[in-house]
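Below is one structure; the comments refer to it alone.
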Amino acid sequence: MELEDIGWNEEFAAEFKPFAKKGWVPARLVRDNKIAYGALLAGPKELEVVMSGKVYHDATSDAELPAVGDWVALEVGVGGDDNDNMIRARLSRQTCFSRKLPGKSSEEQVMAANVNVVVVMTDAGSDYNPRRMERYFMLIERSRAKAVVLVNKSDLFPDDLNTSAKEEIEELNAEADVYITSAAKNEGLGVLKQYLKKGVSITIVGSSGVGKSTLVNQLLGDEWQWVSDVNELTGKGRHTTTARELLVLDEGGILIDNPGIREVQMWTDENTLRESFLDIDAIASRCKFHDCKHASDKGCAINAAVESGELSIERYESYLKLEDEIEELNKRRKKRQMITERRAKRDNRIKARNLADRIDYDNNQKPENY
């Protein structure tokens, strides 16, 4: 197996040149075990590795630490110990699919680094929620990956319900590829072959119990994961995938499996919001006044579009909710940045004071005629 088989390209190779001169080797992270990582090298060869103190301390947030899918510069056999392998640097991410950590945190959570395609799995039943799908599309837009949606479990729902869900998703994002599938019956999965090519990385996301583990098992041709039972009353499954993992498929392609997602938290900005709601942006451009607040303003095209049915009230309310979330996220980011800057200034003052104390001490130790 060559590095190109697992996503290596000319851009990574160019960035890696200074590290190669130090005798370090490129590797891609396939597992994050909290204390250690699994790293895949050419060969293939898999090693257990840990990050250096410099990599850890240079990161200004957890999102900057190495994550599954990252390419790293690896020192193999540190100090002559074959079992001591150290991450010395993380290469720049060419794409990154992430969300805000659940709760009130303002931290980014990296779900898949250097991913080319994001596959969102849902079904036409209780899991399907167009507002949540809008959130997924916004995160994918920001990641610069290709969006693919599988309306799964088609064998459990009427054809017209499956088709209706597919068509509504296509209306939400005309650039997304949407398919009706049944992972349990192995029906419709052939469409994924066009994405599973040498060097192409895809990640699968969706709610627990929607069929992700079944799909992974079908792609691997093996019972890689135990498939959890689904509660007949709620239609929800227990989490089967418990940690992110990168898997190389025999027929080509790299798969990053993710645990089930309960909350699709926003980690994006106003530009991505507008790009994800181009229909609303286009309607707003027809407002009589450029500073229209879209409330009771005279000549508001948004209000007129809602009243005429051109724009659904549900979609507009979703837009407003996302706008509020992004504004709140920006406030928390600024607050966190201020705290970080204050801490940095304090640490610099302490370092400066300690340096001055050391200089004074050294001067006092010098002979008078020095």
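What the table below lists for this structure:
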| read-out | value |
| --- | --- |
| Some residue of segment 342-362 being modelled with pLDDT under 80, closer than 30 Å to Arg132 by Cα and in a helix (DSSP H, G or I) | no |
| Selection from segment 148-171 of residues that are free of Cβ contacts under 8 Å to residues at least 60 places away in the same chain and of a type in the set (A, V, I, L, M) | Val148, Val149, Val151, Leu156, Leu161, Ala165, Ile169 |
| Residues that are surrounded by 17 or more Cβ atoms within 10 Å (Cβ to Cβ) and in a loop (DSSP other than H, G, I, E, B), drawn from segment 117-166 | Ala124, Asp127, Tyr128, Ala145, Lys153, Phe157 |
| Residue check, Lys34 among the basic types (Lys, Arg), more than 25 Å from Asp257 (Cβ to Cβ) and either outside any strand (DSSP E or B) or out of contact with any strand residue (DSSP E or B) (no Cβ under 6 Å at 6 or more places or on another chain) (or both) | no |
| Check on Arg131, within 28 Å of Met338 (Cα to Cα) and not assigned by TED's automatic domain parsing to the domain that holds Asn9 | no |
| Residues of segment 183-199 classified as part of a loop (DSSP other than H, G, I, E, B) and touching a helix residue (DSSP H, G or I) at 6+ places or on another chain (Cβ under 9 Å), total | 8 |
| Check on Gly77, surrounded by 12 or more Cβ atoms within 10 Å (Cβ to Cβ), under 19 Å from Leu255 (Cβ atoms), in the same structural domain as Asn9 (by TED's automatic domain parsing) and not hydroxyl-bearing (Ser, Thr, Tyr) | no |
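The values are calculated or read from the model by the stated rules, or taken from the named source; none is laboratory data. These figures come from a predicted structure and were not determined experimentally. In this analysis, Cβ positions are derived from the backbone assuming ideal geometry, glycine residues included, and neighbour counts consider all displayed protein chains.
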